[in-house]
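*Asks:* Here you go, one structure.
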Amino acid sequence: MHTSFSVRLFLIACTALLHACNTKQPADLIIHHAVIYTCDSAFSIREAMAIKDGRILATGTTAEIQQRYAADSMLDAQGQFIYPGFIDAHCHFTGYATDLWKCNLYGTASWEEVLQRVEDYARTAPTEWIYGRGWDQNDWPVKAFPDKSELDRRFPHRPVLLKRIDGHAVVVNQRALDIAGITAASQIPGGRIELRNGQPTGLLLDAAMDEVEKHIPPPGDSLTKRFLLQTQDSCFRYGLTGVHDCGVSERLLELVEAEQTAGRLQMKIFALLHDSAQYYDRWIRSGPYRKGNLHVGGFKVYADGALGSRGACLSTPYRDAPTQRGFMISGPDHLRMLAQRLSASSLQLCTHAIGDSANRAVLQAYGMVLKGTNDRRWRIEHAQVVHPEDIPLFGRYGIIPSVQPVHATSDMYWAEERLGRERMTGAYAYRSLLAQNGWMPLGTDFPVEDINPLRTFYAAVARRDLSGYPEQGFQPDEGLDRRSALLGMTVWAARAAFEEKEKGSLEPGKAADWVWLDTDLLQANVNQLLKTGIRAVFVDGKAVYRP
Ligand SMILES: [Zn+2]
């Protein structure tokens, strides 16, 4: 549908030219009069590009390309800007899809609004369970965590589970606790059951939350496939042509592959498997899996939880909760065991680490196995709070920090309350982390944050929120230069998945995945960045989005 649409609307057939230029090499499409940021190793800028069979034939000046190639379709970019298709190096593509049947609690301004949305949703919910996602008590006038009392009053007979925006905490009602068999006496390693006066409040963290969630039946295959395609559309409209899906089940991978094989899912997906002992041996034996647009490259492990829910594992107590230090979801023993086993394969190990203690544990576990510089590209996802003394370990062991610049500007209002002034030095320290290996992939963590990769770019360079606050930027010394921000969303993201030879830059032989924007991301005023318009998005030389 999109191809014929693009051909009809803005590609000009030039049969006359073909007749006149028999000696020219045939191409499918020529883009000319553009400013093409190729993102190659010299950061070259070109005017024109010829494409055939979904791949880039050549780039050059408009005159050079038109002299050497003849194409059925010509696209005049009108002096505007072409970039490699954006790649989100840390998101939850399938998670976003399977969230689409849940009650949307993103952007709620109070607990009262959450309850209202849940009541509306409950009337048409597809299952007995009332399943919501996206609340954030930091956005409310009362910043205390919610409890189950109102949920028990309004839903005495139906189980309710409402997940926090970061995916690391839920509030559930008594019915849900009963189904999961959770009481005040339950002990769940890697999780926490919040108690008040000796009784569960309904707030559960991490592994405790999983104990309830596993009782919720997943949506059926056909519904899930529909949601995958909806998610793809939501990504294409922001210029994303590739995603790193951080933590996927084998069942969802099968559905992804089926939709890709059927030609409906064109999104390029690099997937990291959920950490599960069930299939370590099988995957370690077979190694990375590549077929078409699916690449399964390693395991995603959780070292700790998140800062917002105080599940991030800190080396000293939370400043605003002096009895708490957070906790490890996977302790050092598990990390070392997995690192050891994966060292025998070419799979990547990608571990979520937020707190300084968790980051140290992962760096040490990786370091014990990697020993020195290497090209395994094992990653630490988020690398959010790192003790300044530990930052050099990323360079020493060639460990790749995989960071999400919007997290800095989402958390900046309250991060210091949690961490204390001193610990802010190594928090959201993206420039220091980039310096370690000289390259670094960037992502959004959607649905935790918005899908839009231009927000990543803006947050990385401006270190401001959408309203422009703070004017000088949050810890501006740790912002990224624009070139690095663009590379982090393109070729460095590809590199973090061992895919830099096939995508991420616009060079001959690589996939013709590109976006056409009306704004020069390298030159425009910082306030213009978020007003950028998307003119077209192409995957393998075919238009997948055109507003
Ligand atoms: Zn994530």
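What follows draws every value from the coordinates through simple rules; no lab data is involved. Everything quoted here is computed from the prediction, not taken from an experiment. Positions of Cβ are backbone-derived with ideal geometry, glycine not excepted, and every protein chain shown enters the neighbour counts.
*Asks:* Is the chain best put as rounded, prolate or oblate by its Cα gyration tensor, with a ≥ b ≥ c the root eigenvalues, rounded for a/c under 1.5, and otherwise prolate when a/b is larger than b/c, oblate when not? Don't skip to the end; give the middle numbers.
*Replies:* Numbers: a/c = 1.82, a/b = 1.59, b/c = 1.14.
It comes out prolate by the Cα gyration axes.
*Asks:* While we're here: For region 360-450, run through the GluC sites (Glu not before Pro) and keep only the ones in DSSP coil with at most 14 other Cβ atoms within 10 Å of their Cβ. Could you put the intermediate results ahead of the total?
*Replies:* Working: sites: Glu381, Glu389, Glu416, Glu417, Glu422, Glu449; in loops: Glu389, Glu449.
Those satisfying the criteria are Glu389.
*Asks:* Sticking with this one: Can you bin region 293-391 into rounded, prolate or oblate? Criterion: square roots of the alpha carbon gyration tensor eigenvalues sorted a ≥ b ≥ c, rounded for a/c under 1.5, prolate for a/b above b/c, oblate for the rest. Mind dumping the intermediate values first?
*Replies:* Working: a/c = 2.24, a/b = 1.82, b/c = 1.23.
In terms of gyration-tensor shape, prolate.
*Asks:* Follow-up question, since we're still on this one. Starting with the fewest neighbours, write out Asp72, Asp333 ranked by other beta-carbon atoms found within 10 Å of each beta-carbon. Intermediate values should be presented prior to the final figure.
*Replies:* Working: Asp72 17, Asp333 11.
In increasing order of surrounding Cβ atoms, one gets Asp333, Asp72.
*Asks:* Say the dipole of region 409-482 comes from +1 at the beta carbon of Lys and Arg and -1 at that of Asp and Glu; which of Gln472, Met440, Val461 then lies farthest toward its positive end?
*Replies:* Final value for the positive-end residue is Met440.
*Asks:* Here's a follow-up. Nearest 10 degrees, 0 to 90: what angle lies between the long axis of helix 221-236 and the longest principal axis of the chain (Cα atoms)?
*Replies:* That helix lies at roughly 60 degrees to the long axis.
*Asks:* Can you give the Rg and Dmax of region 19-62 based on its C-alpha atoms, in angstrom?
*Replies:* For region 19-62, the Cα-based Rg and Dmax read 11.5, 37 Å.
*Asks:* Considering the dipole of the chain built from charges on the beta carbon (Lys and Arg +1, Asp and Glu -1) around the Cα centre, which of Gly311, Leu393, Ala277 is farthest to its positive end?
*Replies:* Ala277
*Asks:* Determine, for His90, His32, His215, the number of other Cβ atoms within 10 Å of each Cβ, and report the residues in order from fewest to most.
*Replies:* Sorted ascending by nearby Cβ count, the order is His215, His32, His90.
*Asks:* Take the cross-link list Lys102/Lys214; Lys102/Lys542; Lys214/Lys300; Lys143/Lys163 and give me the ones stretching past 24 Å between alpha-carbons. Display every interim value, and only then the final one.
*Replies:* Working: Lys102/Lys214 15 Å; Lys102/Lys542 33 Å; Lys214/Lys300 19 Å; Lys143/Lys163 16 Å.
Correct reply: Lys102/Lys542.
*Asks:* As I understand it, the value is the acute angle between the Cα axis of helix 250-261 and the longest principal axis of the Cα atoms of the chain; what does it come to in degrees, rounded to 10?
*Replies:* 20
*Asks:* Just how large is the dipole of the chain about the Cα centre, in debye to the nearest 20, putting +1 at every Lys and Arg Cβ and -1 at every Asp and Glu Cβ?
*Replies:* On the way: 60 positive and 63 negative charges, 161 e Å.
Computed about the Cα centre, the dipole is about 780 debye.
*Asks:* Still on this structure, I have one more. So how strong a dipole does region 39-82 carry about its Cα centre when Lys and Arg Cβ are +1 and Asp and Glu Cβ are -1, to the nearest 20 debye? Don't skip to the answer; put the middle values down first.
*Replies:* Values: 4 positive and 6 negative charges, 20 e Å.
It comes to approximately 100 debye.
*Asks:* Here is a further query. Which order do Asp540, Asp88 fall in if you start with the one that has the fewest other Cβ atoms within 10 Å?
*Replies:* On the way: Asp540 18, Asp88 30.
Placing the least packed residue first, the sequence is Asp540, Asp88.
*Asks:* Right, another one. Going by the alpha-carbon gyration tensor, a ≥ b ≥ c the square roots of its eigenvalues, is region 391-463 rounded (a/c under 1.5) or, if a/c is not under 1.5, prolate (a/b greater than b/c) versus oblate?
*Replies:* Numbers: a/c = 2.09, a/b = 1.13, b/c = 1.85.
Oblate, because a/c is 1.5 or more while a/b does not exceed b/c.
*Asks:* Here's something else I'd like to know. Could you tell me what percent of the DSSP beta bridges with both partners in the chain are antiparallel, to the nearest 5?
*Replies:* Values: 41 of 86 bridges.
The antiparallel proportion sits near 50 percent.
*Asks:* Quick one: putting +1 on the C-beta of Lys and Arg, -1 on the C-beta of Asp and Glu, what dipole do you get for region 168-230 around its Cα centre, in Debye to the nearest 20? Each step should come with its number before you reach the end.
*Replies:* Numbers: 6 positive and 7 negative charges, 32 e Å.
Dipole size: approximately 160 debye.
*Asks:* Over region 216-321, calculate the relative contact order: mean separation of alpha carbon pairs under 8 Å at least 6 apart, over the residue count, as a percent. Don't skip to the end; give the middle numbers.
*Replies:* Details: 107 pairs, mean separation 24.3, N = 106.
Computed value for region 216-321: 23 percent relative contact order.
*Asks:* Taking just the C-alpha trace of region 167-260, give me its Rg and Dmax in Å.
*Replies:* According to the Cα coordinates of region 167-260, Rg and Dmax are 17.5, 52 Å.
*Asks:* How large is the helix-only mean residue ellipticity at 222 nm for the chain, computed as the sum of -39500 (n - 2.57) over DSSP H runs with n ≥ 4, divided by its residue count, in deg cm²/dmol to the nearest 500?
*Replies:* Working: 20 runs with 170 residues, N = 547.
For the chain, the value works out to -8500 deg cm²/dmol.
*Asks:* Could you grab the relative contact order for region 35-188? Cα pairs under 8 Å, six or more apart, rounded to a whole percent.
*Replies:* Details: 192 pairs, mean separation 22.1, N = 154.
Answer for region 35-188 is 14 percent.
*Asks:* Moving on. Let me check I've understood the local charge: for Asp540, count other residues with C-beta under 10 angstrom from its C-beta, Lys and Arg +1, Asp and Glu -1. What total comes out?
*Replies:* Values: positive: Arg55, Lys268, Lys503, Lys542; negative: Asp53, Asp513.
Surrounding charge for Asp540 is +2.
*Asks:* Among the trypsin sites (Lys or Arg not before Pro) within region 183-252, which fall in a DSSP loop and have no more than 11 other Cβ atoms within 10 Å of their own Cβ? Could the numbers behind the result be given before it?
*Replies:* Working: sites: Arg192, Arg196, Lys214, Lys225, Arg226, Arg237, Arg251; in loops: Lys214, Arg237.
Within region 183-252, the qualifying trypsin sites (Lys or Arg not before Pro) (loop, at most 11 other Cβ atoms within 10 Å) are Lys214.
*Asks:* Counting other C-beta atoms within 10 Å, and keeping those with at most 12, which DSSP coil GluC sites (Glu not before Pro) do you find in region 462-547? Show your work: numbers first, answer last.
*Replies:* Details: sites: Glu471, Glu478, Glu499, Glu500, Glu502; in loops: Glu471, Glu499, Glu500, Glu502.
Passing sites in region 462-547 are Glu471.
*Asks:* To the nearest 10 degrees, how steeply does helix 111-122 sit against the main Cα axis of the chain, on a 0 to 90 scale?
*Replies:* Relative to the chain, helix 111-122 is tipped by roughly 70 degrees.
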